[in-house]
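What follows is a short report on a single structure.
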Amino acid sequence: MNDATDFENVLRRFGAASSPEHPESLDAMMKQTSARIGAGRSGPRPVIGEWLRFRVDHAAARDAIYKPVELEGGFPPEWVCIETQAANREEYLLRPDLGRRVSDKGVKCLLESGLHGCDVLLLIGDGLSAFAIEQNIADVLPSLTLALQVHQLTPSPPIFIQYARVGVMDHIGEMLRPKTVVYLIGERPGLRTAASMSAYTCYQPNLNTVESDRDVISNIHADGLPPVEAGAVIADLIDEYMRHQCSGVKLKQQKRAAV
Amino acid sequence: MTKTIRIRNQSFQFSDLYDLMAKANEPKSGDRLAGFSAETELERMAAKTLLAETPLSELYENPAVPYERDEVSRVVYDSLDLDQYRTMQNWTVAELRGYLLSEPNDDGEIQRRALGLTPEMAAAAAKIMSNMDLLCAAKKIRIVSTCRTTLGRPGVLACRLQPNHPADRVEGIRASILEGLSYGAGDALIGVNPVDDRPASVARVMDAIYETAHETLNVPTQTCVLAHIATQMECMRGGAKADVLFQSIAGTQKGNESFGVDVAVLREGFEFMRDYEYSAGPNRMYFETGQGSELSAGAHEGIDQVTLEARCYGLARCFKPFMVNSVVGFIGPEYLYDAKQITRAGLEDHFMGKLMGLPMGLDVCYTNHSQSDQNDLENLAALLTAAGVNFFMGVPLGDDVMLNYQTTSYHDIASLRELFDLSATPEFTQWMQSQGLLDGNRLTRKAGDATCLLK
């Protein structure tokens, strides 16, 4: 009973989803879109293989949301691990406001962390996908560190935040007063990938920061912006923040004015 | 205006009419997030009981947002049929519910009298109705709308084909359209949500789908690209073609501001379409709504999401739309937590919309972070079909690769028609028969094969 069967092999054994009049035309159509066309039917219902594939994609998305972030070998000792004010995953989903504030224990931990006033404060949040962090972080961190070195910058040791929303960077920024923040967070999982990560960046975030002060590089995953390449994109942006002393829409306006 | 009631030796007090309205709601995470849901189940029942004996005149005198401060309230009151209202002003909300459930409505009396009901009254009725009440009352209210084709007739379950593409690639959009048509999806509308909202790109998609539907395949349906209303008008003034004009709307003036619209631009759109040569009419507008959008924009004015949703419908009815649908479940678990809440909201929205005289469809959907799945979606779709819903969305296997959520599939449309003995619109049914996709009302072997429609 040890022979694990590959999912795709099982689907192949079910046979083709449909037998179109012009198979080559269907192939061509399917190349034009990622939509699930050519799914075939059993009466009015989808054929079993395509249905299982759809449910597998949804299952992965659901698991990504509910699973805590687990790293091989555990969290490195230099990481500072804190939580937001959300008590559990359910409260996290229901109360976006709580996910934007660090817990009392976390506040104490941050104030004792010695991470006050860094040039580049590095935050990592679970957000809505544990897989996003687990599958991308090991490639992003070294590439980001190397790319920042080119600009004579060094990132802080990472602060990992559980039950984190994007806005928690403002609360942390208010406390630790960094010049810039790089915040890697798991995106809401889609059916296409459950492991997509975003990098939110901001110059001097604080409790008065508005959405338009932030920039976001989204879609960081193996089939999107590869994590090994994301580091350089983020570092270039941080370098601009340091030179222009602003971020987001303000940075775009300044650059436009300079041209 | 404090209201108090004792139940089982507990006393419950409500500070005003809209405290009562909020607490009378079935549980919704959005009301909890806003901080005004009932604290206990008994408190919820206390609120429902007091609301049931509230006279309609009290709701008339107290719109959710004051007339002076909110143009949605002004549009509703300025267009209200006061003669009809006066025949019902002494009714309680309980009497309104009783009337809606007992009146056979063979001659459309409910629709006529409802012109004298404000959205707040429709919401109040929904709050004291069970899910089955909502199905029974809505089923009797048949709203027919006509543009190129006619929706809402008995025996018809229509579908908006939603062939979205993550990069607006017209070849990809066309592939999804052909497959959808081959299943019988797309008799209400072929409507694309664009990724790129810039006029040149919107016009390109508009032209592509109009040409596919009306020039290449001669499908009796409507087409539309769901960009901002001003962008669509700009494209159409520049020569791009569409049958209906779309906009998302909210139940407060501030909520509409967050969508970048106001009553003036909706009026402009309405008048533009009336004079636009390519839209057959007389119904030419398409609106989308959804519980929670006002709260998420910080524009809820202290009012619960069911009442605000009804106000969207009060606004929509002034523009005699061809289609209206709530996108129930898209907003996420902060507003509708799980399948139970999404189901309740879907039934409320369909009922309230029909009572407000709208050709209601539903985008029955969920996001991956809500406690819901495809089985839950199929359940709600079956319930709404039983209630006589005008249309659903149709997306390849229910997976929208551009909006990243799940909705009803082409397969679901075919299944629901088979289950409930319904058809596409007669014009569209004939077209399918002429393409060899339907034999009588049964799908042929060709159905589901997009390649038979390649020209």
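So here's what we get for this one:
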item: Probe 1.4 Å, protein heavy atoms only - accessible area per residue of segment A:144-259 in square angstrom; result: 44
item: Tail fraction, Cα-Cα pairs, segment B:151-192, threshold 11 Å, whole percent; result: 62
item: P(r) of segment B:85-200 over all Cα-Cα pairs, binned every 5 Å from zero, in whole percent; result: 2, 9, 15, 14, 12, 11, 10, 10, 9, 5, 2, 0
item: Computed E for A:A87/A:E21 - FRET, C-beta separation, R0 45 angstrom, nearest 0.05; result: 0.20
item: Inter-chain shielding of A:15-22 (mean C-beta neighbours from other protein chains, 10 Å cut-off); result: 4
item: 11 Å beta-carbon shell around B:S73, net charge (K/R +1, D/E -1); result: -3
item: Charge tally in the Cβ shell below 13 Å around B:S57, where Lys, Arg are +1 and Asp, Glu are -1, B:S57 excluded; result: -4
item: Projected label distance in nm at B:A382 and A:D63, using a 7 Å step from Cα toward the beta-carbon; result: 2.8
item: The protein assembly as shown - Rg (one decimal) and Dmax (whole number), Cα, Å; result: 26.7, 79
item: Aspartates and glutamates with Cα under 13 Å of A:K250, excluding same-chain neighbours fewer than 8 positions away; result: A:E211, A:D213, A:D215, A:E240
item: Globularity ratio of chain B, using Cα Rg and 2.2 N^0.38 Å; result: 0.95
item: Accessible surface of the protein assembly as shown [probe 1.4 Å, protein heavy atoms]: carbon and sulfur percent; result: 49
item: With Cα atoms, 0 to 90° folded angle of helix B:305-316 axis to chain B main axis; result: 60
item: Principal axis dimensions, largest first and in whole angstrom, of segment A:119-194 by Cα; result: 39, 27, 15
item: Over segment B:354-432, relative contact order from alpha-carbon pairs under 8 Å, at least 6 apart, %; result: 29
item: Hz values of 3J(HN,Hα) by residue in segment B:430-442 - Karplus curve (6.51, -1.76, 1.60), Gly and Pro given as x; result: 4, 4, 4, 4, 5, 8, x, 8, 10, 10, x, 10, 10
item: Debye intensity ratio I(q)/I(0), log10, chain A, q values 0.07, 0.08 Å⁻¹ (C-alpha model); result: -0.32, -0.41
item: Over segment A:155-259, volume per residue of the alpha carbon convex hull, in Å³; result: 117
item: Estimated distance in nm for a label pair at A:V216 and B:L80, the labels positioned 7 Å out from Cα along Cα-to-Cβ; result: 4.1
item: Coil-residue GluC sites (Glu not before Pro) of segment A:158-255, DSSP, other Cβ within 10 Å capped at 10; result: none
item: Mean Cβ neighbour count within 10 Å, used as a protection proxy, ranking B:390-396, B:167-173, A:17-23, A:132-138 highest first; result: B:390-396, A:132-138, B:167-173, A:17-23
item: FRET efficiency for B:A230 and B:E53, using Cβ-Cβ distance with R0 set to 56 Å, rounded to 0.05; result: 0.75
item: Cα-Cα P(r), segment A:1-120, percent of pairs per 10 Å interval; result: 10, 23, 22, 16, 18, 11, 2
item: Between 0 and 90°, nearest 10: helix B:263-275 axis offset from chain B longest Cα axis; result: 40
item: Leading residue at positive end of dipole, segment B:169-282 (Cβ point charges), from B:M236, B:G255, B:V192; result: B:G255
item: Principal-axis tilt of helix B:41-52 within chain B, Cα atoms, nearest 10 degrees; result: 90
item: Chain B: calculated mean residue ellipticity at 222 nm from DSSP helix runs of at least 4, using -39500 (n - 2.57); result: -13000 deg cm²/dmol
item: Burial ranking of peptide ranges B:56-66, B:117-127 (average Cβ count within 10 Å, highest at the top); result: B:117-127, B:56-66
item: Computed over chain A: relative contact order in percent, which uses C-alpha pairs under 8 Å that are six or more apart; result: 19
item: Unit charges on C-beta of K, R, D, E only; dipole of segment A:80-258, Debye; result: 440
item: Using a Förster distance of 60 Å, the FRET efficiency for A:V10-B:N218 (Cβ separation, nearest 0.05); result: 0.90
item: 10 Å Cβ neighbours from other chains, averaged over peptide B:443-455; result: 5
item: Peptides B:277-286, B:106-115, B:189-198 ordered by average Cβ neighbours within 10 Å, highest first; result: B:189-198, B:277-286, B:106-115
item: Per-residue average of Cβ from other chains inside 10 Å of B:55-67; result: 0
item: Cα-centre dipole for the protein assembly as shown with unit charges at Cβ (Lys and Arg positive, Asp and Glu negative), debye to 20; result: 660
item: Cα-based reach from B:K446 at 18 Å (exclusive), listing lysines while leaving out same-chain residues under 8 positions away; result: B:K455
item: Estimated dipole of segment B:145-453 in Debye, rounded to 20 [Cβ of Lys and Arg +1, of Asp and Glu -1, Cα centre]; result: 700
item: Compactness index (Cα Rg / 2.2 N^0.38 Å), segment A:20-66; result: 1.41
item: Accessible surface buried once A binds B (1.4 Å probe; total of both sides; Å²); result: 3700
item: Rg followed by Dmax, in Å, when segment B:328-448 is reduced to its Cα trace; result: 15.2, 47
item: Accessible area per residue in Å² at 1.4 Å probe, computed on segment A:20-66; result: 46
item: For segment B:172-185, 3J(HN,Hα) per residue [Karplus equation, 6.51 cos²θ - 1.76 cosθ + 1.60, θ = phi - 60°, Hz, x = Gly/Pro]; result: x, 4, 5, 4, 5, 5, 4, 5, x, 4, 5, 9, x, 8
item: Surrounding net charge for B:C318, when Lys and Arg each add one and Asp and Glu each subtract one, Cβ distance under 13 Å; result: +1
item: Distance between modelled label sites at A:K108 and A:H244, nm, 7 Å Cα→Cβ extension; result: 4.2
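The values are calculated or read from the model by the stated rules, or taken from the named source; none is laboratory data. What you are looking at is a predicted structure, and each value in this text was computed from that prediction instead of being measured. Ideal geometry is used to build each Cβ from the backbone, glycine not excepted, and the neighbour counts take in all protein chains shown. Ligands, DNA and RNA are excluded from the accessible area calculation, which covers all protein heavy atoms including side chains. Shrake-Rupley method; radii C 1.70, N 1.55, O 1.52, S 1.80 Å.
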